[in-house]
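Everything on this sheet refers to the single structure shown next.
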Amino acid sequence: MNRYYLPDSATPNRVRVRAAEMIGDVAEPDAIDPLRNHKYGNDILRKKVEEAISRIHEKNFTRECPFCAEVVKMQAKLCKHCGQEIAGQ
């Protein structure tokens, strides 16, 4: 189970947006899939989550494979999950 989560939809939006802003500073790459796969009904919240995911990648020197969407190291030339060449991506 992932230890990072955003408050549920019963929580006021301002609290959920603030949580999305903060999670990018504290979360590890294992939080990316749950954050990306959740359905957000609010465009502002969705944008903040995307920014948080970008900060997680920056902090951990990772990125997502454009072919299989798995998290790989920034310096990787080949995806360790699907074997595709990602050096120029």
- Query: Counting Lys and Arg as +1 and Asp and Glu as -1, what is the net charge of the other residues whose Cβ lies under 11 Å from the Cβ of VAL72?
  - Reply: +2
- Message: Using only Cα atoms and rounding to the nearest 10 degrees, what angle (0 to 90) does helix 13-26 make with the longest principal axis of the chain?
- Response: 30 degrees
- Item | For the range 1-62: Kirkwood Rh in Å [reciprocal of mean 1/r, alpha carbons] | 11.5 Å
- Item | Positive dipole terminus of the chain, leading residue within CYS79, PHE67, ILE23 (C-beta point charges) | ILE23
- Query: Where in the range 24-89 are there chymotrypsin sites (Phe, Trp or Tyr not before Pro) that are in a DSSP coil and have at most 12 other Cβ atoms within 10 angstrom of their Cβ?
  - Reply: PHE61
- Task: For GLU50 paired with GLN75, estimate the spin-label separation in nm (one decimal), with each label point 7 Å from Cα along the Cα-to-Cβ line.
- Result: 3.0 nm
- Message: Per DSSP helix of 4 or more residues, -39500 (n - 2.57); summed, then divided by the residues of the chain. What does that give at 222 nm, rounded to the nearest 500?
- Response: -13500 deg cm²/dmol
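Laboratory data are not the source of any read-out in this text; all were calculated from the coordinates shown. Keep in mind the model is a prediction, meaning the values are calculated, not measured. No Cβ is skipped: glycine too gets one built from the backbone with ideal geometry, and neighbour counts run over all protein chains shown.
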